[in-house]
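Read the structure below first, then the notes.
The values are calculated or read from the model by the stated rules, or taken from the named source; none is laboratory data. These figures come from a predicted structure and were not determined experimentally. Reconstructed Cβ throughout: ideal geometry from the backbone, glycine too, with neighbour counts over all protein chains shown.
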Amino acid sequence: MEIIRTVSQMQAAAEKMRKRGRKIALVPTMGFLHKGHLSLMRRALGLADTLVVSLFVNPVQFGPNEDLDQYPRDFEQDVVLARQTGVNILFAPEKDSLYPDGFDTYVVQEKLPVHLCGLCRPEHFRGVLTIVAKLFNIVKPHVAVFGEKDFQQLAVIRRMVADLNFDIDIVGHAIVREDDGLAMSSRNANLDGDGRKSARVLSGSLRSAAKMVADGEARAGTVIKKATVMILAESGTKIDYVNICAPDTLDDLDVIDRPALMAVAVKIGGVRLIDNIMLEPGQKNV
Ligand code: PAF
């Protein structure tokens, strides 16, 4: 596995691979790799000849009072895991290589970011889209794989790729969970013992919502209320949002009469976690 630290070296390597007819897959990450990332990488290995994993904690997607400084980092361990998984190139640029003095161009999207995480983190998707567009221009992938835990992120990236005509296939990969249901996330490492126990309520509340809806409950308000009560019953939880929306537009739904996305964001002891599930309406009361 080659480790590349600068934009110009990565662009040159990508150009060389493309000239040799190699198909390039990209898995963008912010490091502190876990089983969820490794599963994205294995998926990507099956889609291309060369796998590039980027590792960069992108400051531009963090707000002023967010957890940029607390974001977990372990470069040595990431190198070992990436090598074991069969990554060909680990692209780990320095901040100045991506955002040199004078940097002043950002990718902004109008509608999808004004929902869910975008409401609590107003600058977040501008930062995500900017870095992802840059990575696409630097790594020149044919295909890029993103996790479905960040459902909104995947949606805004798909929209950007369509709107700006990036010639790249975007593949969404299913959420990978711990045995007790907690969605894998680098931020889980920042939970203390009690927080880790409370965190089970994210997936637990979503599963019970999915069951309510499959059993015939179609009123989004009722489903949201039940999940809210469940989440707040756990110690140390603070809700950013519990939402049911249309998976394509992310517009709120009042009635669940078609497959709907239920998404939650909860802070536990200051650690912000997200999760989601698809609600498939049942027939009983509809
Ligand atoms: O999902 C992430 O880890 C990040 O948002 C991404 C896509 C690597 C951009 O920094």
Report summary line: Subset of region 121-132, residues among the small types (G, A, S) and more than 15 Å from the chain's Cα centre (by Cα), comes to none
Requested in this report: Out of the residues in region 163-193 that are farther than 23 Å from K23 by Cβ and acidic (D, E), state the one that is nearest to the chain's Cα centre (by Cα).
Outcome: E178
**Report entry** Residue pairs meeting the criteria (Cβ under 7 Å; at least 6 apart or on separate chains; first among the acidic types (D, E), in region 102-123; second at pLDDT 95 or above and surrounded by fewer than 18 Cβ atoms within 10 Å (Cβ to Cβ))
**Finding:** E123/G63
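Kindly state which helices (runs of 4 or more DSSP H) lie completely within region 92-166 and contain at least 2 residues that are touching a strand residue (DSSP E or B) at 6+ places or on another chain (Cβ under 7 Å) and closer than 30 Å to L206 by Cα.
116-120, 151-163
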Query raised in the report: Which residues, taken from region 240-286, are in contact with a helix residue (DSSP H, G or I) (Cβ under 6 Å, 6 or more places away or on another chain) and without any contact (Cβ under 8 Å) to a residue 40 or more places away in the chain?
Result: V242, I244, L253, D254
Report task. May I ask you to list the residues in region 44-70 that are surrounded by 19 or more Cβ atoms within 10 Å (Cβ to Cβ) and in contact with a strand residue (DSSP E or B) (Cβ under 6 Å, 6 or more places away or on another chain)? Result -> A44, A48, T50, L51, V52, V53, S54, L55
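In this structure, is L68 touching a helix residue (DSSP H, G or I) at 6+ places or on another chain (Cβ under 9 Å), away from the ligand (no atom under 14 Å from the Cβ) and free of Cβ contacts under 8 Å to residues at least 60 places away in the same chain?
Spelling it out, it is not the case that L68 is touching a helix residue (DSSP H, G or I) at 6+ places or on another chain (Cβ under 9 Å), away from the ligand (no atom under 14 Å from the Cβ) and free of Cβ contacts under 8 Å to residues at least 60 places away in the same chain.
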Requested in this report: State yes or no: is F91 more than 30 Å from P247 (Cβ to Cβ), more than 12 Å from the ligand (Cβ to nearest atom) and of a type in the set (F, W, Y)?
Outcome: no
Report task. Looking only at region 7-28, decide whether some residue is at pLDDT 95 or above, of a type outside the set (A, V, I, L, M, F, W, C) and either within 11 Å of the ligand (Cβ to nearest atom) or within 16 Å of G147 (Cβ to Cβ) (or both). Result -> yes
Report task. Please give the strands (runs of 3 or more DSSP E) falling wholly within region 169-286 in which 3 or more residues are among the hydrophobic types (A, V, I, L, M, F, W, C) and closer than 30 Å to A48 by Cα. Result -> 271-279
Report summary line: Counted residues in region 108-135 being surrounded by 17 or more Cβ atoms within 10 Å (Cβ to Cβ), under 23 Å from L68 (Cα atoms), more than 10 Å from the ligand (Cβ to nearest atom) and among the hydrophobic types (A, V, I, L, M, F, W, C) come to 3
Requested in this report: Starting from residues that are more than 16 Å from the ligand (Cβ to nearest atom) and charged (D, E, K, R), keep the ones in region 29-60 and report whichever is farthest from V80 (Cα to Cα).
Outcome: D49
Query raised in the report: Is at least one residue of region 23-31 part of a helix (DSSP H, G or I) and not aromatic (F, W, Y)?
Result: no
